[in-house]
Amino acid sequence: MLYYLAKRLLLMIPLLVGITVITFTVIHLAPGEPVEMQVAMNPKVSAEARERLRKFYELDKPLHVQYAKWVSRLVRLDFGRSFAPDGRPVITKIRERLPVTISLNLIVLILEFALAIPIGIMAATHRDGPLDRWTTVFVFLGFATPLFWLSLILMYLFGVKLDWLPISGLHSLGYEAHGFWWRVGDMAKHLVIPLGVATFGSLAGLSRYMRTGMIEVLGQDYIMTARAKGLPERVVIYRHALRNALLPAITILGLSIPALIGGSVIFESIFAIPGMGKLFMDGVMARDYPLVMGVLVIGAVLTLLGNLLADLAYAIADPRIRHGRERAL
Amino acid sequence: MNRCRLVCLVLLVFSLAACNEGKQAVPAGPRLPGIPAYGDALVAGSIGEPSTLLPLLASDSASRDVAGQIYNGLVRYDKNLKLEGDLAEKWEISRDGLTITFHLRKGVTWHDGQPFTSRDVLYTYRVTIDPKTPTAYAENFKQVKRAEAPDPYTFRVTYAKPFAPALESWGVEILPAHLLEGKDVTRSELARQPVGTGPYRFKEWIAGQKLVLESNHDYYEGRPYIDRYVYRIIPDTATMYMELKAGGLDMMGLTPVQYQRQTTTKEFLSRFNKYRYPASAYTYLGYNLRHPLFSDRRVRQAITSAISKDEIIQGVQFGMGQVAHGPYKPGTWAYNPNVRDFTYNPDRARALLAEAGWRDKNDDGILVKDGKPFSFTILTNQGNDQRLKTALIIQQRLKAVGIEVKIRTIEWASFLKNFIDKGDFQAIILGWTIGQDPDLFDVWHSSKTGPRELNFVGYKNAEVDRLIEQGRGTFDQEERRRCYYRIQEILAEDQPYTFLYVPDALPVVSARFRGIEPAPAGIMHNFIRWYVPKGEQVY
């Protein structure tokens, strides 16, 4: 097992190098340079000023030299400074945004699992009945509704018309003056609509997997055995069937780990939540290479680690996989 | 108490006078002026987040807005867009126009209490021209031959030749030498925690959420009435509008649709005042003059005659704008109101095209010359809905006179790099910001037609060149006015662009703020004199 882990970790290094080479090249291939984006169409900027800026950002050097410099900084865990006019370290900019994005994504993920799994089970046990139909309609409605539209409607309803909830942002103005619990309550109020909408939109996938998995398991012989033993239906479903039906859910959970640091631009823009999505998007639009690379590298590392963790979790959870792999190694 | 009343009365008279100026502004909401009082906060919405509060390094409008409250320049534009002294009490221009001597205001202090002197001005000049400073704004200062500070309250600059935009260039924000001298300006903490001389001092900045400024009680023009100025960063205009309605914002810029359709209820108008005045920008249809299709002036005149500018303003701006005839804002001193532009007249367009040799030979509705149909592509940048709609309206109108137009939208970076810089386009729809100084050198002089330069349409006219040089070479406003009036006549005749429209700026401010005085410069020029009567203060 340790050997396997070490091998996987070592394999990540060339993989990571490959990823950075490709992404570095691709973002430099996109037309336009950070300098262009900053000064284009500005009559006050002379050609000489442009060259001065290019030199400042070292864009006048060949691409491989730029890459080498970037990598040599990265191995010292220095992501460099942003090409935006503020020139702040990339890591600071990411650190400002990451906690918000991760917390929100985590809450949405928990809500998603807490709602989708029971919905899926209910749909499966009431297969083809009205409950199944209605939950299907509900989750697909969430899947199909444009969330920005739903968000705006809810903001208008609860924020403007009824005046129950705040519209955007994370805090009320002047929240610093209040006590801890007031601030928690204030933030919770701000998050009701965004979290609600995000969860509503995410239910479809997982609940359908649960439903299918459950239906499949319920058709198995051992379930029939359990029922034949005279076990109560509740025990049959929740103790015997659920365990096996949960496997696809674990897969999805594993795949969700890297997505925790990603944010949705549209979502963050509408709710004025300062998250990773907007940061990354703005970085791309401004051709802020160090920032884009920084976000991508962190994303790549997390994805690779997430995959590794998922594989390991499988191996631990499922004896068949564990033994199969050790034999193969 | 009596003095307060007098102030109110004066303000009232002023705002009434402003109303009478006609199109300038349309305030609404019948509220009594109340008594000026200190306190309260103004919460403004901003789509973008400022990048840095060292204005030397910033080029985005959000940064410049905030920096404008924190710093001062030596000179500034007053409400009628005339230059007046700011940190410089007065200035003299030598007889030969080569030397400007600024007499600095005494007793001005930085937000940290240090006195402001000519050393700060000299530092700002030096750091701007320093080749190591990554600033976009060195060009004007490069014209300076010598800069000196003979004493703490005098600053003198000498130019190699008279340069009219020079005076305006000293409106740049003066930076504190005592905090920056000898340090790397690109790594300075002042980018996030600025120290200026302006009416507001920096309080806090929560990345991606808000930026808070506090009134400077020691400001040289007196303590501003509004205690705090809060910028909330809300990237989406629909959200911003709802925040406004829900009371989370006090001020924002409306879109034309919001102004015309969504903010007309009694309830809204009792809570907010809407303002309207021409923005300092225009939208145009530019032709690639190197392209054989557009080298004939009559063709360009014909296209302008075939387009109804009023229709575009109605369709795209909901009427919130005015027709543009040249590169200046209507109402400013350089704007020539008597230019004879080509008005909408399709018959004249057809006649001009026929004169230029374009005929409809095969009755398919498309004009032909030398066996080639009259067909061209209008390019514009992706994501600007107004420009796309403008292109669609033009497409319809030109079809009516026998010209086929295709429309293509391209992402901004690619648009610049692959099309504008290479001169690889036929026609484009873009916009320019109208600078306060009327100098046109960068956009219209024939020496600026090279790659990556701004006369990318390739306009060359010897008379215009001469007039531009004459205009920037003198400080005499009358003489400059004559030059720019003539240039506008020539441009109207040559039609290198079809100047389309000047959009209106449409700010809306909560009605609890009093003392707002709309003027050609907009509404922010007297922000420190805005106030909220005690009884109505919210924050």
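The values are calculated or read from the model by the stated rules, or taken from the named source; none is laboratory data. The model shown is predicted, which means the values in this text are computed figures rather than measured ones. Every residue, glycine among them, receives a Cβ derived from its backbone with ideal geometry; neighbour counts consider all protein chains shown. Side chains included, ligands, DNA and RNA excluded: accessible areas come from the protein's heavy atoms. Shrake-Rupley method; radii C 1.70, N 1.55, O 1.52, S 1.80 Å.
When A:D163 is tested against (1) surrounded by fewer than 13 Cβ atoms within 10 Å (Cβ to Cβ); (2) free of Cβ contacts under 8 Å to residues at least 12 places away in the same chain; (3) more than 14 Å from chain B (Cβ to nearest Cβ), only condition (3) is not met. For the range B:112-119, state whether one or more residues are within 14 Å of chain A (Cβ to nearest Cβ), open to solvent by 20 Å² or more (accessible area, probe 1.4 Å), of a type outside the set (G, A, S) and not in a loop (DSSP other than H, G, I, E, B). Checked against the condition, which is being within 14 Å of chain A (Cβ to nearest Cβ), open to solvent by 20 Å² or more (accessible area, probe 1.4 Å), of a type outside the set (G, A, S) and not in a loop (DSSP other than H, G, I, E, B), the range B:112-119 yields no hits at all. Only one of the listed residues (A:L304, A:L309) is part of a helix (DSSP H, G or I), touching a residue at least 12 places away in the same chain (Cβ under 8 Å) and open to solvent by 30 Å² or more (accessible area, probe 1.4 Å). That residue is A:L309. Considering only the range B:373-410, state which residues are in a loop (DSSP other than H, G, I, E, B), within 14 Å of chain A (Cβ to nearest Cβ) and open to solvent by less than 50 Å² (accessible area, probe 1.4 Å). Scanning the range B:373-410 gives a single hit, B:N384. Checked against the criterion of being open to solvent by 40 Å² or more (accessible area, probe 1.4 Å) and outside any strand (DSSP E or B), the candidates B:G182, B:G196 yield just one match: B:G182. The residue pairs whose first member lies in the range B:451-462 and is at positive phi, whose second member is among the aliphatic types (A, V, I, L, M) and open to solvent by 10 Å² or more (accessible area, probe 1.4 Å), and whose beta carbons are closer than 7 Å, counting only pairs six or more residues apart or on different chains, are B:R452/A:A47; B:G458/B:L289.
Scanning the range B:442-452 for residues that are out of contact with any Ser or Thr (no Cβ under 6 Å at 6 or more places or on another chain), hydrophobic (A, V, I, L, M, F, W, C) and more than 12 Å from chain A (Cβ to nearest Cβ) turns up nothing.
Among the residues of the range B:230-267, those that are within 22 Å of B:Q537 (Cα to Cα), open to solvent by less than 40 Å² (accessible area, probe 1.4 Å) and more than 10 Å from every other protein chain (Cβ to nearest Cβ) comprise B:Y231, B:D250, B:M251, B:M252.
Counting the residues of the range A:167-222 that are in a helix (DSSP H, G or I), within 30 Å of B:A238 (Cβ to Cβ), of a type outside the set (K, R) and in contact with a Pro (Cβ under 7 Å, 6 or more places away or on another chain) gives 1. Of all the residues in the range B:55-75, those that are open to solvent by less than 10 Å² (accessible area, probe 1.4 Å), assigned to a loop (DSSP other than H, G, I, E, B) and more than 8 Å from chain A (Cβ to nearest Cβ) number 5. Filtering the range B:199-229 to residues that are crowded, with 21+ Cβ neighbours inside 10 Å, within 12 Å of chain A (Cβ to nearest Cβ) and of a type in the set (K, R) leaves only B:K210. The set of residues from the range B:416-447 being part of a helix (DSSP H, G or I) and surrounded by 17 or more Cβ atoms within 10 Å (Cβ to Cβ) comprises B:L416, B:K417, B:F419, B:I420, B:F441, B:D442, B:V443, B:W444.
Considering (1) under 35 Å from the mean Cα position of the chain (by Cα); (2) in a loop (DSSP other than H, G, I, E, B); (3) more than 10 Å from every other protein chain (Cβ to nearest Cβ), the lone condition that A:D60 does not fulfil carries the number (1). Criterion first (under 20 Å from B:L87 (Cα atoms) and either among the acidic types (D, E) or touching a strand residue (DSSP E or B) at 6+ places or on another chain (Cβ under 6 Å) (or both)) does B:R156 satisfy it? Yes: the conditions hold for B:R156. Report whether or not B:E49 is open to solvent by 20 Å² or more (accessible area, probe 1.4 Å) and part of a loop (DSSP other than H, G, I, E, B). Against the criterion (open to solvent by 20 Å² or more (accessible area, probe 1.4 Å) and part of a loop (DSSP other than H, G, I, E, B)), B:E49 qualifies. The single condition among (1) within 28 Å of B:D60 (Cα to Cα); (2) open to solvent by 10 Å² or more (accessible area, probe 1.4 Å); (3) not assigned by TED's automatic domain parsing to the domain that holds B:E267 that B:A521 does not satisfy is (3). Note on the range A:103-124: residues that are open to solvent by 50 Å² or more (accessible area, probe 1.4 Å), more than 19 Å from A:V192 (Cβ to Cβ) and touching a Ser or Thr at 6+ places or on another chain (Cβ under 7 Å) total 1.
Summed over the range A:36-65, the residues that are in contact with a Leu (Cβ under 9 Å, 6 or more places away or on another chain) and open to solvent by less than 30 Å² (accessible area, probe 1.4 Å) give a count of 6.
Of all residues in the range A:237-280, exactly one satisfies the criterion of being open to solvent by 50 Å² or more (accessible area, probe 1.4 Å), hydrophobic (A, V, I, L, M, F, W, C) and under 23 Å from A:I167 (Cα atoms), namely A:I266. Restricting attention to the range A:72-102, the residues being surrounded by 14 or more Cβ atoms within 10 Å (Cβ to Cβ), farther than 30 Å from B:P55 by Cβ and either of a type in the set (K, R) or more than 14 Å from chain B (Cβ to nearest Cβ) (or both) number 2.
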